[in-house]
Every structure is written in structure tokens, then in C-alpha cells.
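Undergrad: Handing you this structure, nothing more for now.
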Amino acid sequence: MKGIQAENHEKSKRNINDRYAVLKKTLSLYVMAYLDKRFKRLKAIPRHIILGIGICVSPTGIPQYMSAQVSITGDIYPPISITPEASTGLSAIYVLHSCQGSTSLTYQAKNTTHPIWYTFGQLGAAYAEPIPENKIDYSGAESILNEVRSDCGYVIEDGNSRTYFWIIDYSEYELLLSSLSVDGDSDCYTTILNLGGDAYPIYYYTITGRRGELSREMSLKYTTMEYSADYQGYREIEATVSLPNADGAIHCTAALCDTEYTLVGDRFLREWGLPELSVSTDVIAARRVEAHTSAEQETETFDNQQRTSSGEGSASLGGSAPVEVSFIADVTPAAIFTEWQVSTHPEFEDILLRDKNLSFTRTFRDAGTTYVRFMAADADGECEHYSEIYQINIGESDLHCPNAFSPEGSPGINDEWKVSYRSITEFKCSIFNRWGICVATLDHPSQGWDGKYKGKYVGSGVYYYVIKARGADGRVYNLKGDINIIKYNNENQGIASPQQP
């Protein structure tokens, strides 16, 4: 027996030297200079440490991981084969329903020599231990391991190739679900659930000893709500949260409506065609509050109204006063207390108006910025929701009067006398001829004079306006001035006499 071990040891040394020679031909001189300094140490490393490197070299010198050539028999259900990430160094992870009984691993060798089997644990393949040959049955190219251990890795060395894989016994992680309840530490935004039963994490280890987890792909299902623009309100939807395991408390976003929470699992039962397990809470009353809000401005489109920039985002509301804005809110069922708040301070330190209706309309007349938001709360007042803040910017007032226009001169071009204005909330304009007769009265700054009196155009010449107005910023306007009517092309047709208007 010692002679066989010595012979195997000598073969191993030759294999190492052969692999190094191939690598030396393919790697750069720079890298080889580094390896030359280390190679004496490399040859001195024990065989099972070299094995832990996890790389095999093909005859072309290209490192590669081998695909598993392993079959598993004896289990009542077919093993579940999972292909992990290449970085793990594992060809596969096998989940067995149970390793108890007559479960065996069979490997089909590619070489004429018997493959060598190893096992490794949490430290990785660098600490792999050989499996005694008397534990393995050899039959031609097949080698069979009848005593299968779980929660460990296996290495099969077949000539210059190695196969790495991990075995998991599901019966040691059996899913048990008995009860599900809401934890008292749940808050307005997060629901915490406590599970009665076992749904422990299922771990495996890579060839370098790094721990990984196989997800059970359990599902936590419950009903919540979302706002739908098509539906124009909140509607119920089914929410599903995928969980790798249920070890400890389960956290999820709190539902927006009364619901029960149901935990279902797991993927392994599904893949074996077995009934999934499930457990549910009682119906839990919703505490979380949410609201969807919108604001719509009644926009004036007067051509003589000065345009103003009203800011960014929701501050697109506003402009030239007066501005009428309608606010609308939709809320979820837990919202018992609701109100719109109006303030001149962005932090709402002073609230000028509270309106408890879900919708309300307000006309903004004062220059400056006004802030509006919506607030909703549950019955206890513990769970609150605040909407985005709407900014309504009203520009400072301004009023300018033209001194000439030409009715009938060029249709559509300067054929009406109008003031240019911004944020004028009160307005009264009277227009007189040279004899003091009032030929036109305007009650809104958007109105204009078309040069007519009693349905007929007045003659060319000088007319006078008197304006009394007030701006959104409180500024008072008392304006007087001349209006020059330029001679028409057809001045003598249908003209009212200036002397006798």
C-alpha cells in the first residue's frame, strides 16, 4: 500500500512539473519571472493544497472548469441540479431530498486510470481530504461513492481535469410553517411579521471557502393599493415579495388597505411536484396613509397680459394675478383626517387657511409666493402623509399705456387700444374726446377700445384716458395720458363727428 502511495505521489509531482512547463510557454515573461521566484514554494505545497487552486489545465495550457459528470441515484425524488456562478468554481450544487438510505454518487471517468475523490468543507477545496479508495466501487470507467455526506463539497480528479460540486440534504433544512403574526414593532411604513416554524437559510461554500446561499424563493403575498391615472383613483393590487429564506423577522412595505399576509414556499417543493406550504395572518387593519394630489390652473390667454416666469417644478403655477387654481386629492382608506394647507412660508410655520375637503379652489391675488400642500392622517393621528408642496408665484404689478393706434388702418395690426398689464386686480379706464365727452369705458385690463363710439369710428386726433387701478402687490395706479388716433385710409366713410359724438 505504501508503494502505491509513493507511486501516486511521484506521479503527482510529475503532473505539477508538466503543468508548469505548459504555463511557462503561454504566459508572458513578466508573469513567469514572478512565478520563477515562487515555484520552489509551489512544489513544496502538499497535494491537497494544490488541489484547492480549483483550476485544471487542458493540453493547450488554457485554464478551465470542468462540467460535472456526476449522476445521483437512490433518492426518492430526483436531485435538483443548480448551476452557480462561475466565480464559485463549482460545476453544480445538488439538492437531495434526503441523503439517508441508499443514495450514491456515480462518476463516469474520461481516462483509463481511476479518478481520485476528495471532500471539502467550509474552508474550501484548499483543505480537501482524499476519500479512501476502499469507500469507492470501481467498475470499468465508473466510480461509485455509496456513503454520501451532505453539506460538503466533492472534488473528482480525473487525469488533468477536476470536477467540483456541493451536496445539500434538504431534509436537514425542511420547511415548516405553522403560524404568521404581525410584530408589535411594526410602524406606519413597514410591517414586521414573525414566523412560527422553520425556513432557515440554505448555505453552500465555494472552492475558496466563500459562503453562498441558495434562495428558497419563498413568496410573501398580500393586497395593497396603487394610484391609477386611467382609473383616476386608488385601486387594489396583489403584491408579492420574494424571500430567500424566512429566518427571523420578515419586513415588507406596509399595505395601504386591510389585508392578510400569506407566506408560501418553497422552490424545492415546487420542483419536486410536492404541495407547497403556506401560512397566513389574520386580516390586518391598514395604518399606512397615502394620497395622490394634483393642481390645475385656470389660465387666462389675454394678448395684452405680460407673461411672467413662475419658477420650477410645481411652481409653474401662478403668473399675473388674479390666478385661480383648483386642488384635488385622492386618498387611501386609512386616511381619516384630511386638509389642504395654505401658507406664505415654505416650512408652513404660518398656516393662513385650512380646508378639510378633498378638493378646493382658491383665487390668488397677492404678489409673492404662496405654498399649498395636502395632509392626511389615520384615525390615531400617528401615520401621516404630506403631499408635494405647490408654489403659486404671483408677479409684481405693472401697467403701461400706449399713446397711439390706427383703427381700420391695417386690420389686425395696432387697430385696438389696450394697456399692457401684469397682476392688476382692480381696473377702471375712461376715454374722453377733446370736449370731455366719454367715448369708451373699460372695466378690466384685458379689454380694449376699437376706436368706435356708438358703433361708428371716431375721427382722427387726440383723445384722453383716465385710469384708476390697483395691483396684487397693493400698488395704486392713477394714470392720465393721450391717445393719438392716426388717420384712416377711408376717413370720410361712416365717421362720427368728434364735435358731435
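The values are calculated or read from the model by the stated rules, or taken from the named source; none is laboratory data. All values derive from a computational prediction rather than experimental measurement. Here the Cβ is made from the backbone with ideal geometry for all residues, glycine too, and neighbour counts use every protein chain on show. For the accessible areas, the whole protein counts, side chains as well, though only heavy atoms, and no ligand, DNA or RNA atoms are used. Shrake-Rupley method; radii C 1.70, N 1.55, O 1.52, S 1.80 Å.
Undergrad: Out of the range 69-91, which residues are surrounded by fewer than 17 Cβ atoms within 10 Å (Cβ to Cβ), part of a loop (DSSP other than H, G, I, E, B) and within 35 Å of the chain's Cα centre (by Cα)?
TA: The answer is T83, E85.
Undergrad: So, in the range 454-482, exactly how many residues are at pLDDT 95 or above, of a type outside the set (D, E, K, R) and more than 29 Å from T370 (Cβ to Cβ)?
TA: Adding up the residues that qualify gives 6.
Undergrad: Kindly indicate whether G436 is without any contact (Cβ under 8 Å) to a residue 60 or more places away in the chain and either surrounded by fewer than 13 Cβ atoms within 10 Å (Cβ to Cβ) or among the aromatic types (F, W, Y) (or both). If you could, list the steps in order and put the result at the bottom.
TA: Working: without any contact (Cβ under 8 Å) to a residue 60 or more places away in the chain: yes; either surrounded by fewer than 13 Cβ atoms within 10 Å (Cβ to Cβ) or among the aromatic types (F, W, Y) (or both): yes.
Spelling it out, G436 is indeed without any contact (Cβ under 8 Å) to a residue 60 or more places away in the chain and either surrounded by fewer than 13 Cβ atoms within 10 Å (Cβ to Cβ) or among the aromatic types (F, W, Y) (or both).
Undergrad: Yes or no: the range 269-279 includes at least one residue that is open to solvent by 10 Å² or more (accessible area, probe 1.4 Å), over 15 Å from L176 (Cβ atoms), among the polar types (S, T, N, Q) and part of a strand (DSSP E or B).
TA: no
Undergrad: If we scan the range 181-194, do we find a residue that is more than 30 Å from R287 (Cβ to Cβ) and in contact (Cβ under 8 Å) with a residue 24 or more places away in the chain?
TA: Pass one, the range 181-194, residues more than 30 Å from R287 (Cβ to Cβ): none.
No, the range 181-194 contains no residue that is more than 30 Å from R287 (Cβ to Cβ) and in contact (Cβ under 8 Å) with a residue 24 or more places away in the chain.
This table checks each residue for (1) of a type in the set (S, T, Y); (2) open to solvent by 60 Å² or more (accessible area, probe 1.4 Å); (3) without any contact (Cβ under 8 Å) to a residue 12 or more places away in the chain.
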| site | (1), (2), (3) |
| --- | --- |
| D350 | no, no, yes |
| F360 | no, no, no |
| R373 | no, no, no |
| N403 | no, yes, no |
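Undergrad: Tell me which residues, restricted to the range 184-212, are open to solvent by less than 20 Å² (accessible area, probe 1.4 Å), under 28 Å from the mean Cα position of the chain (by Cα) and over 29 Å from T83 (Cα atoms).
TA: Correct list: C188, T191, L193.
Undergrad: In this structure, is L256 of a type in the set (A, V, I, L, M, F, W, C) and open to solvent by less than 20 Å² (accessible area, probe 1.4 Å)? Quick ask: steps written out before the conclusion?
TA: Numbers: of a type in the set (A, V, I, L, M, F, W, C): yes; open to solvent by less than 20 Å² (accessible area, probe 1.4 Å): yes.
When the stated conditions are applied, L256 passes them.
Undergrad: For the range 456-473, which residues satisfy the criterion of being of a type outside the set (S, T, Y) and farther than 15 Å from I424 by Cβ?
TA: Here is the first cut: in the range 456-473, the residues of a type outside the set (S, T, Y) are 456, 458-459, 461-462, 466-473.
Selection gives K456, V458, G459, G461, V462, V466.
Undergrad: Which one is surrounded by the fewest Cβ atoms within 10 Å (Cβ to Cβ) among residues in the range 324-348 that are of a type in the set (S, T, N, Q) and outside any loop (DSSP other than H, G, I, E, B)?
TA: S326
Undergrad: Can you tell me how many residues within the range 213-259 are closer than 24 Å to W166 by Cβ, of a type outside the set (A, V, I, L, M, F, W, C) and within 20 Å of the chain's Cα centre (by Cα)? Step through it out loud before you land on a result.
TA: Our first condition is that a residue be closer than 24 Å to W166 by Cβ; within the range 213-259, this holds for 213-218, 242-247.
Now restrict to residues that are of a type outside the set (A, V, I, L, M, F, W, C): 213, 215-217, 242, 244-245, 247.
Applying the additional criterion that residues be within 20 Å of the chain's Cα centre (by Cα) yields 242.
The qualifying residues number 1.
Undergrad: Same structure again: Of all residues in the range 421-458, count the ones that are within 19 Å of G395 (Cβ to Cβ) and outside any strand (DSSP E or B). Lay out the reasoning, then the answer.
TA: Step one: of the range 421-458, the residues within 19 Å of G395 (Cβ to Cβ) are 421-427, 444-446.
Next, only the ones that are outside any strand (DSSP E or B) stay: 423, 444-446.
Qualifying residue count for the region: 4.
Undergrad: Let me ask you something else. I'd like to know if the range 170-177 contains one or more residues that are touching a Phe, Trp or Tyr at 6+ places or on another chain (Cβ under 9 Å), part of a loop (DSSP other than H, G, I, E, B), open to solvent by less than 20 Å² (accessible area, probe 1.4 Å) and within 21 Å of S98 (Cα to Cα).
TA: yes
Undergrad: What are the pairs, 6+ residues apart or on separate chains, where a residue within the range 262-281 that is free of Cβ contacts under 8 Å to residues at least 60 places away in the same chain has its Cβ under 7 Å from a residue that is of a type in the set (K, R) and outside any strand (DSSP E or B)?
TA: Close Cβ pairs (under 7 Å, with a partner that is of a type in the set (K, R) and outside any strand (DSSP E or B)) amount to R267/R216; E276/R270.
Undergrad: With a cut-off of at least 1 residues that are within 17 Å of A286 (Cβ to Cβ) and in contact with a Gly (Cβ under 9 Å, 6 or more places away or on another chain), name the strands (runs of 3 or more DSSP E) lying wholly within the range 208-252.
TA: Counting at least 1 such residues, we get 218-228.
Undergrad: Given the structure, is D282 open to solvent by 30 Å² or more (accessible area, probe 1.4 Å), outside any strand (DSSP E or B), at pLDDT 95 or above and of a type in the set (D, E)?
TA: Values: open to solvent by 30 Å² or more (accessible area, probe 1.4 Å): yes; outside any strand (DSSP E or B): yes; at pLDDT 95 or above: yes; of a type in the set (D, E): yes.
Here the answer is yes, as D282 does meet what is asked.
Undergrad: If I ask for residues that are of a type in the set (A, V, I, L, M, F, W, C), in a strand (DSSP E or B) and either under 19 Å from G448 (Cβ atoms) or open to solvent by less than 50 Å² (accessible area, probe 1.4 Å) (or both), which ones from the range 459-486 would you list?
TA: Within the range 459-486, the subset of a type in the set (A, V, I, L, M, F, W, C) is 462, 466-467, 469, 472, 476, 479, 483, 485-486.
Filter again for in a strand (DSSP E or B), leaving 462, 466-467, 469, 476, 479, 483, 485.
Answer for the range 459-486, where residues must be of a type in the set (A, V, I, L, M, F, W, C), in a strand (DSSP E or B) and either under 19 Å from G448 (Cβ atoms) or open to solvent by less than 50 Å² (accessible area, probe 1.4 Å) (or both): V462, V466, I467, A469, L479, I483, I485.
Undergrad: Sticking with this structure for a sec: Do the conditions hold for Y222, that is, is it of a type in the set (F, W, Y), touching a residue at least 24 places away in the same chain (Cβ under 8 Å) and either open to solvent by 20 Å² or more (accessible area, probe 1.4 Å) or within 30 Å of N414 (Cβ to Cβ) (or both)? Even if it seems obvious, please write down each step before you answer.
TA: Values: of a type in the set (F, W, Y): yes; touching a residue at least 24 places away in the same chain (Cβ under 8 Å): yes; either open to solvent by 20 Å² or more (accessible area, probe 1.4 Å) or within 30 Å of N414 (Cβ to Cβ) (or both): no.
Considered against the rule, which asks whether it is of a type in the set (F, W, Y), touching a residue at least 24 places away in the same chain (Cβ under 8 Å) and either open to solvent by 20 Å² or more (accessible area, probe 1.4 Å) or within 30 Å of N414 (Cβ to Cβ) (or both), Y222 comes out as no.
Undergrad: Which one is surrounded by the fewest Cβ atoms within 10 Å (Cβ to Cβ) among residues in the range 314-323 that are touching a strand residue (DSSP E or B) at 6+ places or on another chain (Cβ under 6 Å) and modelled with pLDDT of 75 or more? Give the steps one after another, and end with the answer.
TA: Initial filter on the range 314-323 (touching a strand residue (DSSP E or B) at 6+ places or on another chain (Cβ under 6 Å)): 314-315, 317-318, 320-323.
Subsequent filtering for residues that are modelled with pLDDT of 75 or more retains 317-318, 320-323.
Values: L317: 22, G318: 24, S320: 24, A321: 23, P322: 15, V323: 24.
Among residues in the range 314-323 that are touching a strand residue (DSSP E or B) at 6+ places or on another chain (Cβ under 6 Å) and modelled with pLDDT of 75 or more, the one surrounded by the fewest Cβ atoms within 10 Å (Cβ to Cβ) is P322.
Undergrad: Here are some conditions: (1) modelled with pLDDT of 95 or more; (2) out of contact with any His (no Cβ under 9 Å at 6 or more places or on another chain). G311 meets all but one. Which one does it not meet?
TA: Looking at each condition in turn, G311 falls short on (1).
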